[in-house]
1. Tell me, what is a quarter of the convex hull surface for the C-alpha atoms of the range 279-344, in nm² with one decimal?
2. Given the pairs LYS267/LYS379; LYS102/LYS128; LYS252/LYS526; LYS102/LYS314, which are separated by over 26 angstrom at their Cα positions?
3. On full extension of the chain, what length is gained from ILE543 through ARG355, given 0.36 nm per residue of separation minus the C-alpha to C-alpha distance?
4. Evaluate the relative contact order of the chain (contact order divided by residue number), counting alpha-carbon pairs under 8 angstrom at least 6 apart; express in whole percent.
5. Determine the relative contact order of the range 520-672: mean sequence separation of Cα pairs under 8 Å and six or more apart, normalised by residue count, in whole percent.
6. Only sites in a loop by DSSP and with at most 11 other Cβ atoms within 10 Å count here; which GluC sites (Glu not before Pro) in the range 547-613 make the cut?
7. Trypsin sites (Lys or Arg not before Pro) within the range 612-672: which are DSSP loop residues with at most 13 other Cβ atoms inside 10 Å?
8. Taking Cβ-Cβ under 4.7 Å as the only way to count a partner, pick out the unpartnered cysteines of the chain.
Amino acid sequence: MENSFNPQERIAYLSRTLEEHNHNYYVLNSPTIGDREFDMLMQELQQLEEQYPEYAQPNSPTQRVGSDINHAFVQVAHTYPMLSLGNTYSIEEVAAFYERVKQGLGDAPFDIVGELKFDGTSISLTYKNGQLLRAVTRGDGTMGDDVTRNTRTIRSIPLVLKGNDYPDFFEIRGEVLMPWATFERLNEERERQEEPLFANPRNAAAGTLKLQNPSTVAARGLDAYLYYMLGENLPTDNHYDNLQKAREWGFKVSDTMRVLHSIEEIKEFIDYWDVERRNLPVATDGIVLKVASIEQQEELGYTAKSPRWAIAYKFQAEEAITRLNSVSFQVGRTGTVTPVANLDPVQLSGTVVRRASLHNADIIRSLDLHIGDMVHVEKGGEIIPKITAVDTDQRPADSTPVEFVRNCPECGTPLVREEGEAAWFCPNSNHCAPQIKGRIEHYIARKAMDIDSLGPETIAQFFERGMINNVADLYTLTVDDVATLKQQGRKWAQNIINSIARSCDVPYHRVLFALGIRFVGETVAKRLASAFPSMEQLRDATIEQLTAVPEIGERIAQSVVEYMNDLDNLLLIERLAQYGVQMKAVDTPETQLRSNVLDSAAVVISGTFEHHSRDEYKTLIEQHGGRNVSSVSSATQYLLAGANMGPAKLEKATRLGIKIISETEFLQMIDE
Ligand code: IVH
């Protein structure tokens, strides 16, 4: 048949097309197809790869969504050490650098490439035959963490290069960044979930790149700029030209880089970006100046720590001085008390600052903060301004030191602090107003019970009128009760009652998240729900049983046990159960990961079995972290062989050196 369907070619075609669209969208910022069309092509590719795993490539665009499998990071040595740059804050020192280079090159002519210093986390990418081979973090400069899987999810990093004039083997380094807008969205979300905020996009990018779960990384929206190519057969002797080439191969290279011919041009470049950097979508903290010619770079060489052919000029952090008027203490949903500085309003990088975070009691003490102090407020890379220093010379004689409150500012209960924790918190969780309201707000949130007709104002009204005191009370509300809040409010009330009733369909793992147990976020709730598929089992779980679950540490386990030992909480759960809220996992068995012994191995099932049906084996494979595939290929790891299996399959598996395991061996492997 001449025109028959060729899955291998179709997979290759779809991969190329999707990568092209990724590049248009994430590197060139000019998409040429719509999201829907893109999704359809992606779906087709996913299906084909599932059907024909033998043609699935590790650098396929489908890998950009990440997988849920956990992999601890492997440490690898850098081929060339990852050095840092000499820093300076003054133009004079830049001029001195320029002179040193001039002398070092014996007065030969040279060019300087001016670049932005991106404020993220550095990454080294190795490409072999145009394919991304591995991605490694800086680490200690000599060894770094292999973060290839996470890096594949960064859409602006090409997995397969365009064109054909790239070296067979080379390394390219750059900065992984979280754009401002993405960073702000992430922190808003974390604030809602009462998770600790990231101080700046740099920490957020570095933290994200080191997450265990690549699909979470994929969802975080990282970006990457590349700024340095290394290898034996680079296209030209010029750093600038090499990066222009890299751009042609699909890399995101900043178009802000310039070739500069004199110290005057360097100064102009610095002055321009000192102002203009505020309009960039990503954080920058300076300018990097590099000698353009690679031969000249080699001639200048390195000191022990940094190259002699480059220097970083750092921008001044933006700072203002203002008066500290008072400190307020806010109580969150989990009882954590956060100090907030109230300041005389002051202009700082384009916005008026009135408040600054003080984080915790230790920070107040280390600053030796007094009411009425003139304080330095900085906004550097940080989104929430912070107090960095105090002008003790200007301190009024009668000023009093800032004391962290000892009792809850809302309910008066003495605060407690747990060992190893910086934060103080109010333990009166069931009778402290902001905690009660906060918990109810958390319960109704979209990612929890999704009771979308309710909002914080209505919750506050219910609470203040004594209609609700906890989340179970929501289910006792009637249309008549609710309608009293509003004139002609029956329709509105009916809507609220309906959406409360609908929350009884929300699956168990989200109920667990909705309860608002300290340290139990969405992901932890999922893990707990799959290890303890009913609320009763979770209630009876011991610290040892809890910490045996992957990713559940001592701190979370302790918090769960404490929650389940509180009679008020148990009564609450019992009431919720009576109102019909889900207290058991009715998840499909595939979603309950029991172990990861198979570590994403592709397993083919063949023949007939004694202990379980084929379908049961399929489920078991998935429950233990493997993938069931239908046909034997070189990508198959195991052939689960039952009785009467086809001779062709057996022959092919033997020829490809695939491990053939019997039913008993398999059951032993997964410990059943
Ligand atoms: S070049 C040997 N160029 O700054 C030179 N670095 O302290 C290698 N960085 O670790 C670095 N933007 O993470 C270079 N345009 C740029 C950069 C840049 C940001 C970071 C990088 C490096 C640190 C140097």
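1. 9.5
2. Pairs exceeding 26 Å: LYS102/LYS128; LYS252/LYS526.
3. Values: separation 188, 0.36 × 188 = 67.68 nm, distance 4.06 nm.
Going from the current span to full extension adds 63.6 nm.
4. It comes to 10 percent, rounded to a whole number.
5. Working: 183 pairs, mean separation 28.6, N = 153.
Relative contact order comes out at 19 percent.
6. Values: sites: GLU551, GLU554, GLU562, GLU574, GLU590, GLU610; in loops: GLU551, GLU610.
When the GluC sites (Glu not before Pro) of the range 547-613 are filtered for loop state and at most 11 Cβ neighbours within 10 Å, GLU610 remain.
7. On the way: sites: ARG614, LYS618, ARG627, LYS649, LYS652, ARG655, LYS659; in loops: none.
Here no loop site has a sparse enough neighbourhood.
8. Flagged as lacking a Cys partner: CYS504.
No value in this document is a laboratory result; all are computed from the given coordinates. Bear in mind that the values here come from a model prediction, so they are computed numbers and not experimental data. Because the Cβ atoms are built from the backbone with ideal geometry, glycine has one as well, and the counts that use them run over all protein chains shown.
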